[in-house]
Amino acid sequence: MTPHAPQNDNRTDAMLAWFFVLVWGSGYLASKVGMQYAPPFTFLALRYVFGVLCLVPWLLIVRPSWPSSGRELFHICVAGLLMHALTLGGSHYAQYLGMSAGITALLLATQPLFTAIFAHRMMGERLVSAQWAGVVLGLAGVALVVWHKVDVKAVTLASLTAAAISLAAMTTGTLYQRAFCRSADLRSSSFIQFVLSLCVLAPAAWVVEGFQVRWSWQMAVAIVFLVIFASILAVNALHLLMRRGHAAKVTSLMFLTPIVAVFLEWAMFSVVPTWLSIAGIVVTCVGVALVSRRS
């Protein structure tokens with residue numbers, strides 16, 4: 001290995017990290033736009049239909065490796081249900097039931113804290129005290145960023161349950177994928193997970209929502225963006241980073257996604273961030289820097 005290899009790897013990881021943050025943060029607004037034309041399960045079912053259609057020709061060209069055993073296939077399916085169907089289904093349905101985007105973002109922003117705790121207890125990963133402080137600072141910063149959007153009156157037991165399911169699935173799925181699918185081909189795994197998620201969400205969309213859709217170009221653009229950039233490229237970037245780095249460090253990037261959403265709302269809808277949000281952005285960035293620092 002050449003002396004420049006570690007430096008090149010660090011640059012690649014940094015590019016993947018920023019790509020994930022920008023796309024995942026943009027996904028909040030794309031989902032918000034899409035659910036104006038279809039309820040959550042229906043919107044997600046349409047998203048995975050398009051995802052499967054996108055992956056079929058790509059897989060025919062690249063011809064990736066497929067699971068070599070039933071055990072490997074089982075692990076890929078479990079990770080897919082957690083990362084796709086339950087995570088997105090729970091967060092989307094929480095907002096559909098009236099939970100504000102601010103509270104949803106705040107609850108899901110606790111995911112790096114739970115990831116750090118589980119990775120510390122279950123996977124033997126060690127964080128120094130400064131990194132633990134960074135996790136707490138990151139969470140506090142996100143709370144400040146989204147505080148002006150928090151509407152406690154809109155919170156119900158059902159919406160809290162949906163958000164809790166999303167949080168638990170995201171935390172468990174991220175660690176599960178890393179622990180049991182380390183050698184799985186991410187391209188074929190994505191196809192398997194998309195098909196499985198579609199099989200779960202399509203019946204829910206039909207039974208619960210009657211598969212009601214108001215077709216529009218805005219919804220089509222949202223689906224294209226969320227499938228290609230979020231579900232395929234960003235999720236695979238996250239898994240690559242998880243394979244190459246510390247679980248808590250990687251998932252601390254989640255703290256930055258609401259910040260991207262705030263700036264995009266400012267640029268696209270003239271929603272000017274408050275001074276409290278700006279202070280939260282600074283605190284969040286300090287927290288992520290502490291978590292990501294070298295031990």
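Things to note:
- Within the stretch 26-39, residues that are under 16 Å from VAL260 (Cα atoms) and open to solvent by less than 40 Å² (accessible area, probe 1.4 Å) reach partners that are in a helix (DSSP H, G or I) and acidic (Asp, Glu) with beta carbons closer than 7 Å, at six or more positions or on different chains, in the pairs LEU29/GLU265.
- Any hit, the stretch 122-136, residues being under 24 Å from THR274 (Cβ atoms), at pLDDT 70 or above, open to solvent by 60 Å² or more (accessible area, probe 1.4 Å) and assigned to a helix (DSSP H, G or I): yes
- Condition check for LEU108: in contact with a His (Cβ under 7 Å, 6 or more places away or on another chain) and either at pLDDT below 80 or farther than 14 Å from ALA158 by Cα (or both): no
- Residue that is surrounded by the most Cβ atoms within 10 Å (Cβ to Cβ) [pool: residues in the stretch 271-291 that are under 22 Å from ALA17 (Cβ atoms) and of a type in the set (A, V, I, L, M)]: VAL291
- Residue in the stretch 234-245 that is closer than 24 Å to ALA116 by Cα, open to solvent by 50 Å² or more (accessible area, probe 1.4 Å) and among the hydrophobic types (A, V, I, L, M, F, W, C) present: yes
- Number of the exception - GLY80 against (1) closer than 27 Å to LEU175 by Cα; (2) surrounded by fewer than 22 Cβ atoms within 10 Å (Cβ to Cβ); (3) modelled with pLDDT of 90 or more: (2)
- Inside the stretch 59-73, residues that are closer than 14 Å to ASP185 by Cα and open to solvent by 60 Å² or more (accessible area, probe 1.4 Å) make up a count of 5.
- Of the helices (runs of 4 or more DSSP H) lying entirely inside the stretch 178-295, those containing at least 3 residues that are at pLDDT below 80, touching a Gly at 6+ places or on another chain (Cβ under 9 Å) and of a type outside the set (S, T, N, Q) span 257-269, 275-292.
- Of everything in the stretch 168-177 that is open to solvent by less than 30 Å² (accessible area, probe 1.4 Å) and hydrophobic (A, V, I, L, M, F, W, C), the residue that is modelled with the lowest pLDDT is LEU175.
- Considering the conditions (1) among the hydrophobic types (A, V, I, L, M, F, W, C); (2) modelled with pLDDT under 95; (3) under 21 Å from ALA237 (Cα atoms); (4) open to solvent by 40 Å² or more (accessible area, probe 1.4 Å), LEU97 is excluded by exactly one of them, (3).
- Filtered by the rule that a residue be within 19 Å of the chain's Cα centre (by Cα) and either open to solvent by less than 10 Å² (accessible area, probe 1.4 Å) or of a type in the set (Gly, Ala, Ser) (or both), the stretch 48-58 gives TYR48, GLY51.
The values are calculated or read from the model by the stated rules, or taken from the named source; none is laboratory data. What you are looking at is a predicted structure, and each value in this text was computed from that prediction instead of being measured. Cβ sites come from the backbone with ideal geometry, for glycine too, and all protein chains shown count toward neighbours. To get the accessible areas, we keep the full protein, side chains included, count just its heavy atoms, and leave off ligands, DNA and RNA. Shrake-Rupley method; radii C 1.70, N 1.55, O 1.52, S 1.80 Å.
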